[in-house]
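Undergrad: Have a look at this one.
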Amino acid sequence: MPIVEGMQWYAARDFASFATPGHRRGSGTHPDLIDLFGAKAWSLDIPVSGGATDVHFIEDVVEQAEALGADAWGADHCHYLVNGSSAGNLAFFLAHLNPGDRVIISRDIHKSLMTALIHTGVQPIYVAPQLHAELDFGIGIDPAQVERAIAANPDARLIALVSPSYSGVSSDLEAIAEVAHRHGVPVYVDEAWGPHFHFHPGLPVSAMAAGIDGAVTSTHKALAAFTQSAVLNVQGSMINNPRLKTTVGMSQTTSPAAYILASIDAVRSQMVLHGREMLERTLEMARAARERIRTIPGITIVDGETLGVARYDPTKFVIDVATMGITGFEAEHALRNRFHINPEASDLVSIVCFFTVGDSQATIDRLVSALETMARENRGKPPIQTTLRSSGSIVRPGIQVMTPRDAFFARSLPLPLAEAAGKVSADLVIPYPPGIPVIAPGDVIEQHKLDYLAAGVAHGFYISGAVDPELRTIQVVAD
Ligand SMILES: Cc1ncc(COP(=O)(O)O)c(C=O)c1O
């Protein structure tokens, strides 16, 4: 573990530092923060350059660690990130695309990919994930859709998609790579939710194993690294890796925290040496929990089996609670405030939880028994009649008349929601989580999306991206 060892090397020496960070290994830190984190954590908040790796004294440990990362995730090159998958999405787009290029891209993208569209000024050709109509659930991008989109846009320079989706559904990446490569187009996958896929055969195939050219994945999400950590992997000859290295540097802080990088280094080693057995245990606990939750009256789990899809991450739990007469928001509120349980997300219909190598039978039992209590207390309540999920039909593409960049930078004005339908949005309107833009800059605003957002805000949606997060108004392109 080169970075971990670099930190150990530095920690063992008594440096008097006159460089960043200014807290001087905790000497200047507020005592409450020393209490909160412990003196050791402060003493190890050291920089990468001149700290964990110092080219004057030792080898470049980050480069060594990234080479090991490439081996671990089956890539040719791996870039360790300290600004999450968000930075990787931006870096990849900046490296591979030029303003005006056409990109075939799934519409269920995360805010950070929409941001990359704005930064790069490319022309998105949106494709909609297929839908399970009854459950209003995105079930991935069909390779045939990609084939059709390439036929209609033969000059497209990239296929980009999110897989797995926030709800755990993976697309058929092998088939998508085959279609795209047959036409000479590379594929980029936002695999933020799949950092563990490469390390257990019971999980969907990882982007690198499927032959995808570039993929970012958040080691802080489904693996045990620090918040903000992620890796950007590339392989093959279609991506210019030296340029990517430059744009990775442009997309993140110039003062990366060594402890974040060290946590990627350690997770990489942990997964290579013990990933299979650790994930086996997680998968077994997930299987048993799923069986128990399925028997709770009034609660439904939506997963690969319910959706009829083969590629599903069984560590993801989309738990429908509207069937027992409460919204996902109400369930999340109760779980958090009464039971001190943190779900990952909620919407009108469901809550989303996920299990990792850090979970134990005890924490999982707490979740299952809280759900049992809530189901008992709500017995007899009529179900809430909504199936509108934050990542289903509501994020289907409508009509785009401008690129996200042109609309974002256009002269714009705030309009009350009641007057906004039919106008061109200059705003990003993103219920968070899952962070998928319902309205993107350049979209013609549709009434049914406004109705959905207004209902969501009334129920407690947190809106990100929009100039007015209370959504009294929406920013539209001035005529
Ligand atoms: C699909 C997807 N991509 C990218 C991101 C951003 O990841 P990060 O928080 O690591 O920047 C998220 C965050 O939730 C996400 O859901």
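The values are calculated or read from the model by the stated rules, or taken from the named source; none is laboratory data. For clarity, every value in this text was computed on a predicted model and none was experimentally measured. FYI the Cβ positions are ideal-geometry reconstructions off the backbone, even for glycines, and counts take in every protein chain you see.
Undergrad: Which members of the stretch 320-334 meet the condition of being surrounded by fewer than 23 Cβ atoms within 10 Å (Cβ to Cβ), within 23 Å of the chain's Cα centre (by Cα) and not acidic (Asp, Glu)?
TA: Phe329, His333
Undergrad: If you don't mind, there's one more thing I want to ask. Quick one: would you say Phe317 is more than 30 Å from Arg472 (Cα to Cα) and surrounded by 20 or more Cβ atoms within 10 Å (Cβ to Cβ)?
TA: yes
Undergrad: Here are some conditions: (1) closer than 30 Å to Ala19 by Cβ; (2) in contact with a Cys (Cβ under 9 Å, 6 or more places away or on another chain). His220 meets all but one. Which one does it not meet?
TA: Evaluating His220 over (1) closer than 30 Å to Ala19 by Cβ; (2) in contact with a Cys (Cβ under 9 Å, 6 or more places away or on another chain) leaves (2) as the failure.
Undergrad: Of all the helices (runs of 4 or more DSSP H) wholly in the stretch 63-173, which have at least 2 residues that are more than 16 Å from the ligand (Cβ to nearest atom)?
TA: It comes to 84-96, 143-152.
Undergrad: Check Thr282 against each of (1) hydroxyl-bearing (Ser, Thr, Tyr); (2) in contact (Cβ under 8 Å) with a residue 24 or more places away in the chain; (3) more than 21 Å from Pro164 (Cα to Cα) and name the one condition it does not meet.
TA: With (1) hydroxyl-bearing (Ser, Thr, Tyr); (2) in contact (Cβ under 8 Å) with a residue 24 or more places away in the chain; (3) more than 21 Å from Pro164 (Cα to Cα) applied to Thr282, the lone miss is (3).
Undergrad: Ok, one more. For the stretch 366-415, which residues satisfy the criterion of being aliphatic (A, V, I, L, M) and under 20 Å from Gln123 (Cβ atoms)?
TA: Within the stretch 366-415, Val395, Ile399, Val401, Met402, Ala407, Ala410 qualify.
Undergrad: Given the condition assigned by TED's automatic domain parsing to the domain that holds Thr219, on the phi > 0 side of the Ramachandran plot and more than 16 Å from the ligand (Cβ to nearest atom), answer yes or no: does some residue in the stretch 181-188 qualify?
TA: yes
Undergrad: How many residues does the stretch 255-269 hold that are under 9 Å from Val48 (Cα atoms) and either surrounded by 24 or more Cβ atoms within 10 Å (Cβ to Cβ) or of a type in the set (S, T, N, Q) (or both)?
TA: Going through the stretch 255-269 one residue at a time, the tally reaches 3.
Undergrad: Could you pull out the residue among Val457, Val444, Val429 that is touching a Pro at 6+ places or on another chain (Cβ under 8 Å) and within 25 Å of Asp136 (Cα to Cα)?
TA: None of the others qualify; the one that does is Val429.
Undergrad: Still on this model: Among the residues of the stretch 452-479, which ones are farther than 14 Å from Ile430 by Cβ and touching a Ser or Thr at 6+ places or on another chain (Cβ under 7 Å)?
TA: Answer for the stretch 452-479, where residues must be farther than 14 Å from Ile430 by Cβ and touching a Ser or Thr at 6+ places or on another chain (Cβ under 7 Å): His459, Val476, Val477, Ala478.
Undergrad: Can you spot a residue in the stretch 60-71 that is in the same structural domain as His196 (by TED's automatic domain parsing) and under 19 Å from the mean Cα position of the chain (by Cα)?
TA: No, the stretch 60-71 contains no residue that is in the same structural domain as His196 (by TED's automatic domain parsing) and under 19 Å from the mean Cα position of the chain (by Cα).
Undergrad: Here are the criteria: (1) under 26 Å from Leu223 (Cα atoms); (2) modelled with pLDDT of 85 or more. Tell me which single one Pro47 does not satisfy.
TA: (2)
Undergrad: Suppose we filter Met285, Met324, Met278 for residues that are aliphatic (A, V, I, L, M) and within 30 Å of Gly380 (Cβ to Cβ); which single one remains?
TA: Being aliphatic (A, V, I, L, M) and within 30 Å of Gly380 (Cβ to Cβ) holds for just one of Met285, Met324, Met278, which is Met324.
Undergrad: Something else now. Go through (1) in a loop (DSSP other than H, G, I, E, B); (2) over 33 Å from the mean Cα position of the chain (by Cα) one by one and return the number of the condition Trp9 breaks.
TA: Unmet for Trp9, out of (1) in a loop (DSSP other than H, G, I, E, B); (2) over 33 Å from the mean Cα position of the chain (by Cα): (1).
Undergrad: Here's another thing I want to ask about it. Yes or no: the stretch 192-215 includes at least one residue that is within 15 Å of the ligand (Cβ to nearest atom), of a type in the set (A, V, I, L, M) and surrounded by fewer than 24 Cβ atoms within 10 Å (Cβ to Cβ).
TA: For the stretch 192-215, residues within 15 Å of the ligand (Cβ to nearest atom), of a type in the set (A, V, I, L, M) and surrounded by fewer than 24 Cβ atoms within 10 Å (Cβ to Cβ): absent.
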